2 protein chains.
Amino acid sequence: MSDSGQSVGRKRRGAGRPTISDVARLAGVSPITVSRALRDPQRVSQDLRANIDVAVRTLGYVPDPNARALASSRADVIGVIIPSLTNNVFADVLRGMYDAINGSSYQIQLGNSRYSPIEEERLLTTFVSQRPSALIVSGIDQTPTARATLENAGCPVLQIMESGPDPVDMMVGFSHRKAAEEIVRHLWHAGYRRIGFIGARMDPRSQRRLQGYRDALEPLGGVDPALVTTTPAPSSVSLGRDLLRDLMSRAPDLDAVFCNNDDLAMGALFECQRSGLDVPRRLGIAGFNDLEMMAAAHPPLTSVRTPRYEIGYRSVRMVLDAITGRDIPERVIDIGYELAVRDSTGGPVLSQ
Amino acid sequence: MSDSGQSVGRKRRGAGRPTISDVARLAGVSPITVSRALRDPQRVSQDLRANIDVAVRTLGYVPDPNARALASSRADVIGVIIPSLTNNVFADVLRGMYDAINGSSYQIQLGNSRYSPIEEERLLTTFVSQRPSALIVSGIDQTPTARATLENAGCPVLQIMESGPDPVDMMVGFSHRKAAEEIVRHLWHAGYRRIGFIGARMDPRSQRRLQGYRDALEPLGGVDPALVTTTPAPSSVSLGRDLLRDLMSRAPDLDAVFCNNDDLAMGALFECQRSGLDVPRRLGIAGFNDLEMMAAAHPPLTSVRTPRYEIGYRSVRMVLDAITGRDIPERVIDIGYELAVRDSTGGPVLSQ
DNA sequence: GCCCTGAATGGTAGCGCTACCAATACCGTC
DNA sequence: GACGGTATTGGTAGCGCTACCATTCAGGGC
């Protein structure tokens, strides 16, 4: 009689795929030894390992991740929650994540919160029910409920994109406020004096960039509210055109804009081209993120280079280290940013 | 003594989360009835359903998807394989997919093949081992191995992005060849006579667009190989600049370009701005996909509007219908495309 | 009254894997 | 040769859920 329950005379439910017992029988060992050989080869003697490898290949055995997850109450899954799929920023982050996870036995489970904290809560509940090996979430503005869920998830948790106090567990990001502050100061040093702000969506990171804009201008003569335009609408190049047109009509003496992101900056450039405003002499333009297109524009557009791919890549490496119990030297990483200064902020016409 | 194995005196392995048995005990029914009440409420009487709902809420019960998948040999997962995460085209497709799956109990399992057929094979093997409820793959150029895997996956399979003969199962897409043919004919009718082609990456869909370009020009005087530039390098705006510059230096009489995608078209526009070429009078420019930025450019750029979001949305609805056994009126859908004609192809200077 | 039918509920036995403990073999030490 | 340690392997008993079959009960036709 076989030991796998077939003796009952009922046909097996599965699609007839080979199981770990089939491999064990063929290799002449017990199932548990096969299990060990697959998960941690060092714990099995060379001879058996070789036999098992042959049996696995002969049968075309592929472990069932669901059975594994049930038995070990831990799925080889890393849950990732991002707020947007169309935002190029997160496309780069994801690319880094998928590159970093390649070759490991882990899977990324992706959730899209669409910038909604409630949706994020819901996704976290769903994810946690799968007992993931780790969770990665965007930003640091989780609801109290979501934060509690993260704290009780029983797995490593990593917050990405921002730096800030009081991490749930680990953190990889940078200060949007400081980055914005620095690029606005750059505009000032380039000679611009009436520097506006254009912002769309205004999610928490956008809010912090606006704060950085204010912090930069405060000691330099203060912020003129008439130079700040924001909208909750999602960002787009067209919106950048529209917002700059509005702003110019309301404040014709505007001589530079810091755009909340690169789409808006590109739109602002097109609006200048349409209305014949010289960039950078009549209007300086700076964006945020430094998407690839910024350097290719005419004139090339100044931006803040944010290490998006690297955030994605390092975050997955970090949680993998945490999962496998390796030492994590720094649990909170400020990954920094870099100004990408180009012609679009070359300075205004000297008014002498 | 309880009936859930605690009598053995060993502590339970799980994190102590309530199980379906806990809910059953509280509601005074058997576990199997709870299972039915959750999966198919109609099969349980109203009274019991109400009791069970209360018990579920009281305990905060969340079903374990792994246990469910193991017992039913079917995971509530839809596997999706796309070739790129940075390509905006797929970002829109994914957005549609995630919108369509919202509210269902299914999860999307995303794989990134990076345009590699081998990687696609590997991903498919991994996905199939999870016994997904459906599979969605990009394109129609799977390797024979991958195709066999799809055919034996034992679940609905949907190929997206293209239309073509011989689907594995279902299909939602459009003809890249025809779309390209049509836009090149548009350029001809606008008066352009030396129409070039700029292509990057040259994945199968790009190849078919190039074929469409050839098909359009063949009856109109033939294709001049000197006007075709392609590169296997990934597409970018900068690359569009470079490729147009090369092409112009090799063929100074070029009067229009059909760019394989919008990034390249945008780069081409910037190159014209840099070198002082009037668009559309000296050079007509057409792109492909009609990303949002195309309409906002200066001048606005002609493109082919491809229903990316809709492909994503409809594909997930279709496989959900297939999973739940609903009738699928059309298993192969040509979702079409639309020319978005704008100023950038307004016609050349009349040479009289 | 009988049988039949169908709807609602329950019992049993796994799904394929791993945690936990036990057993065995082998080695060196005193 | 007894002892204790280490390395390797196996046995048992689940993980939490659902497929499958059995049971119960109400209602209808004869």
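Applying the set (1) over 30 Å from B:Y106 (Cα atoms); (2) in contact with a Lys or Arg (Cβ under 7 Å, 6 or more places away or on another chain); (3) open to solvent by 20 Å² or more (accessible area, probe 1.4 Å) to B:A340 leaves exactly one unmet item: (3). None of B:L38, B:L59 is within 14 Å of chain A (Cβ to nearest Cβ), within 9 Å of DNA strand D (Cβ to nearest atom) and modelled with pLDDT under 95 except B:L38.
Looking only at the range A:41-56, residues that are within 14 Å of another protein chain (Cβ to nearest Cβ) and near DNA strand D (Cβ under 10 Å from one of its atoms) come to 0 in all.
Checked against (1) within 14 Å of chain A (Cβ to nearest Cβ); (2) surrounded by fewer than 15 Cβ atoms within 10 Å (Cβ to Cβ), B:A265 passes all but a single condition, namely (2). Residues that are closer than 21 Å to A:H189 by Cβ and open to solvent by 20 Å² or more (accessible area, probe 1.4 Å) within the range A:300-335 comprise A:P300, A:R305, listed in sequence order. Criterion applied to B:P280, B:P300 was being within 13 Å of chain A (Cβ to nearest Cβ) and touching a residue at least 40 places away in the same chain (Cβ under 8 Å), and the one residue passing it is B:P300.
Can you find even one residue in the range B:197-215 that is open to solvent by 50 Å² or more (accessible area, probe 1.4 Å), assigned by TED's automatic domain parsing to the domain that holds B:G312 and of a type outside the set (G, A, S)? Looking for residues that are open to solvent by 50 Å² or more (accessible area, probe 1.4 Å), assigned by TED's automatic domain parsing to the domain that holds B:G312 and of a type outside the set (G, A, S), one finds none in the range B:197-215, hence no.
Of the strands (runs of 3 or more DSSP E) lying entirely inside the range B:217-316, the ones with 2 or more residues being not hydrophobic (A, V, I, L, M, F, W, C) are found at B:228-231, B:303-305. Specify the residue that is farthest from B:D343 (Cα to Cα); the eligible residues are those in the range B:245-267 that are within 26 Å of the chain's Cα centre (by Cα) and hydrophobic (A, V, I, L, M, F, W, C). Per the criteria, the residue is B:L264.
Residues being assigned to a helix (DSSP H, G or I), modelled with pLDDT of 90 or more and surrounded by 11 or more Cβ atoms within 10 Å (Cβ to Cβ) are represented in the range A:12-20 by at least one member.
The number of residues in the range A:109-124 being in contact with a helix residue (DSSP H, G or I) (Cβ under 6 Å, 6 or more places away or on another chain) and either among the aromatic types (F, W, Y) or within 9 Å of another protein chain (Cβ to nearest Cβ) (or both) comes to 2. For B:A286, state whether it is under 30 Å from B:R74 (Cβ atoms) and within 25 Å of the chain's Cα centre (by Cα). Here the answer is no, as B:A286 does not meet what is asked.
The values are calculated or read from the model by the stated rules, or taken from the named source; none is laboratory data. As the structure is a prediction and not an experimental result, all values here were calculated from the model. Note that each Cβ is placed from the backbone with ideal geometry, even for glycine, and that neighbours are counted across all protein chains shown. All accessible areas refer to the heavy atoms of the entire protein, side chains included, with ligands and DNA or RNA removed. Shrake-Rupley method; radii C 1.70, N 1.55, O 1.52, S 1.80 Å.
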